[in-house]
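A.B. asks: What follows is a single structure, and I will ask about it in a moment.
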Amino acid sequence: MDLRGHGESDAPLWLYSMDQFADDVKGLLDHLSIQQAVLAGFSMGGYVVFAFYRKYAARVNGLVLADTRPQPDSAEGRAGRFKTAQTAHRDGAGAIADIMLPKLLSPASVQGKPDLVQKVRAMMSGAPVTGIAGDLMAMAERPDSVPLLKEITCPTLVIVGELDGLTPPADAKLMADTIKGARIQTIPAAAHLSNLEQPETFTSAVKSFLETIRS
């Protein structure tokens, strides 16, 4: 789904929060008459999934937590979010793409996969500034989800890019070790956007996980 501020959804100029995003997900499920679902949360989507599980755990059949982390931002991290929001306001979405691309993709992809680089840059450059700012504020204010990990009882798959520097493998291991029965899949030769850098490996891991839930 396109969360508010993303894709074809509206990007209102207002404060966003992970609880709002979670309610948006619930609203879509209700609209589609889906009572329970496996939720896959990628990067910021993982923070949304944590918020959704806090509020609507009975609606969750399983979780995929991909290239995300349970810890809140540090004071330095929050300051960085505000600075990035100011950059977006002053210089536009393209400036954010310039800053983030080297952090999202592995050096090999940046240098050797021009089509992928162009695709990621286009997605980021096309995002409305109000959506970028809203996301950054929501991420800066998100709560600590580490205590929640022990409360998660549904089947859970944790995925992380081997070279992910934004939400590193150590964070993935923390989630997998703390969530009872969780499994972990490391995607080789991938940084933060592991689903785009190694789509076949990523998709295979998710499909295998869904088969275990179905059976």
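A.B. asks: Out of (1) touching a helix residue (DSSP H, G or I) at 6+ places or on another chain (Cβ under 7 Å); (2) over 16 Å from Ala40 (Cα atoms), what's the single condition that is false for Pro168?
C.D. replies: (1)
A.B. asks: Filter segment 193-215 down to the residues that are under 18 Å from the mean Cα position of the chain (by Cα) and loosely packed, with under 12 Cβ neighbours inside 10 Å and list them by number.
C.D. replies: Selection gives Thr203 alone.
A.B. asks: Also, quick follow-up: Within segment 134-156, track down each residue that is within 27 Å of Ala79 (Cα to Cα), in contact (Cβ under 8 Å) with a residue 24 or more places away in the chain and not in a loop (DSSP other than H, G, I, E, B).
C.D. replies: Across segment 134-156, the qualifying residues are Gly134, Asp135, Leu136, Met137, Ala138, Met139, Ala140, Val146, Leu148, Leu149.
A.B. asks: Moving on to the next point. Search segment 5-27 for residues being hydrophobic (A, V, I, L, M, F, W, C) and surrounded by 14 or more Cβ atoms within 10 Å (Cβ to Cβ), and hand back the single one that is farthest from Pro143 (Cα to Cα).
C.D. replies: Selected residue: Ala11.
A.B. asks: Taking segment 157-183 as the search range and keeping residues that are among the hydrophobic types (A, V, I, L, M, F, W, C), more than 26 Å from Val110 (Cα to Cα) and touching a residue at least 24 places away in the same chain (Cβ under 8 Å), which one is surrounded by the fewest Cβ atoms within 10 Å (Cβ to Cβ)?
C.D. replies: Here the answer is Leu174.
A.B. asks: Having 3 or more residues that are touching a strand residue (DSSP E or B) at 6+ places or on another chain (Cβ under 6 Å) is the bar; report the helices (runs of 4 or more DSSP H) wholly within segment 157-214 that clear it.
C.D. replies: 169-178, 199-214
A.B. asks: For segment 72-104, what are the residues that are farther than 19 Å from Glu141 by Cα, in contact (Cβ under 8 Å) with a residue 40 or more places away in the chain and surrounded by 16 or more Cβ atoms within 10 Å (Cβ to Cβ)?
C.D. replies: Leu104 - this is the single residue of segment 72-104 that is farther than 19 Å from Glu141 by Cα, in contact (Cβ under 8 Å) with a residue 40 or more places away in the chain and surrounded by 16 or more Cβ atoms within 10 Å (Cβ to Cβ).
A.B. asks: Which members of segment 110-127 meet the condition of being part of a helix (DSSP H, G or I), touching a residue at least 24 places away in the same chain (Cβ under 8 Å) and either under 17 Å from the mean Cα position of the chain (by Cα) or surrounded by 14 or more Cβ atoms within 10 Å (Cβ to Cβ) (or both)?
C.D. replies: Leu116, Val120, Arg121, Met124, Ser125
A.B. asks: Working carefully through the options Asp19, Asp10, Asp24, Asp67, find the one that is closer than 25 Å to Ile159 by Cβ, free of Cβ contacts under 8 Å to residues at least 24 places away in the same chain and not basic (Lys, Arg).
C.D. replies: Of Asp19, Asp10, Asp24, Asp67, the one residue that is closer than 25 Å to Ile159 by Cβ, free of Cβ contacts under 8 Å to residues at least 24 places away in the same chain and not basic (Lys, Arg) is Asp24.
A.B. asks: Of all residues being free of Cβ contacts under 8 Å to residues at least 60 places away in the same chain and of a type in the set (Ser, Thr, Tyr) in segment 29-64, which is nearest to Asp177 (Cα to Cα)? Just the residue, please.
C.D. replies: Across segment 29-64, the extreme among qualifying residues is Tyr56.
A.B. asks: While we're on this one: Regarding Tyr56, is this residue among the hydroxyl-bearing types (Ser, Thr, Tyr), more than 27 Å from Ala205 (Cα to Cα) and surrounded by 16 or more Cβ atoms within 10 Å (Cβ to Cβ)?
C.D. replies: Answer is no for this residue.
A short reminder: the numbers here are calculations on the coordinates, not readings from a lab. What you see is a predicted model; the values in this text were computed from it and never measured. All Cβ positions, even for glycine, are placed from backbone atoms using ideal geometry, and neighbour counts span all protein chains on display.
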